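Working notes, structure below.
Just so it is clear, none of the values below were taken in a lab; they were calculated from the coordinates. Please read all numbers here as calculations on a predicted model, not as lab measurements. FYI the Cβ positions are ideal-geometry reconstructions off the backbone, even for glycines, and counts take in every protein chain you see.
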Ligand SMILES: [Fe+2]
Ligand SMILES: [Fe+2]
């Protein structure tokens, strides 16, 4: 089925300003975000091991995100940055996760939709970062990253459609995207992925 998923509100104006004012902090949060999305994909494999139609795609995403983690960590390392002992709580992810329903199958659908949603918001933000950076190498890095993230945006929703009626998935996705559009405007602005 052809469908189009986009964030329903732009990031608040202050966000890119906060990132440009403390790019090191953003880089650390970005690296951590890549590690977490890798763990998210592989976590789904661990939770739903018998859903064998989705496992190969999830492993592939897990590996790609881990490669992104390696690359962003490399950028951090070049700048003399290390990951902090404790990363501040990501209120955005906490609030999104809270909206997941509880039954095993309902939760699977919601998790997969959140997977796409988080990727699609990240695409919007990586584009902003790429457009605003002045350093040509970093700029190129974010443009290439953007291109390699594009397919993740629909990958999770496509997986959901293997197990649930498309109409149900798209209706629930619409609900999540509307919720997120409001959420992104109310979480505190910080030099972080969220
Ligand atoms: Fe990534
Ligand atoms: Fe991704």
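The table below lists the values:
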quantity: Using alpha-carbon coordinates, inclination of helix 104-132 to the longest axis of the chain, degrees; calculated: 30 degrees
quantity: Candidates 62, 153, 80: whichever shows maximal mean-square fluctuation once the chain is modelled as a Gaussian network with Cα springs under 10 Å; calculated: 80
quantity: Ellipticity estimate at 222 nm from DSSP helix runs (n ≥ 4, -39,500 (n - 2.57)) divided over the chain, nearest 500; calculated: -25500 deg cm²/dmol
quantity: Exposure proxy ranking, count of Cβ atoms within 10 Å, fewest first, for 90, 22; calculated: 22, 90
quantity: Packing-based exposure ordering (other Cβ within 10 Å, fewest first) of 146, 15, 175; calculated: 175, 146, 15
quantity: Between helix 55-78 and the chain: long-axis angle, C-alpha atoms, 0 to 90°, nearest 10; calculated: 10 degrees
quantity: Highest-MSF residue in the chain out of 137, 32, 24 [GNM, Cα springs under 10 Å]; calculated: 137
quantity: Gaussian network model of the chain, springs between alpha carbon atoms under 10 Å - residue of 19, 45, 94 with greatest fluctuation; calculated: 94
quantity: Simple label model, 7 Å out from Cα along Cβ direction - residue 39 to residue 132, nm; calculated: 2.7 nm
quantity: Cα pair distances of the chain binned at 5 Å [whole percent]; calculated: 1, 7, 16, 21, 21, 17, 10, 5, 2, 0
quantity: Inter-centroid distance (Cα atoms) of region 17-71 relative to region 158-184, Å; calculated: 20 Å
quantity: C-alpha long axis of helix 23-47 to longest principal axis of the chain, angle in °; calculated: 20 degrees
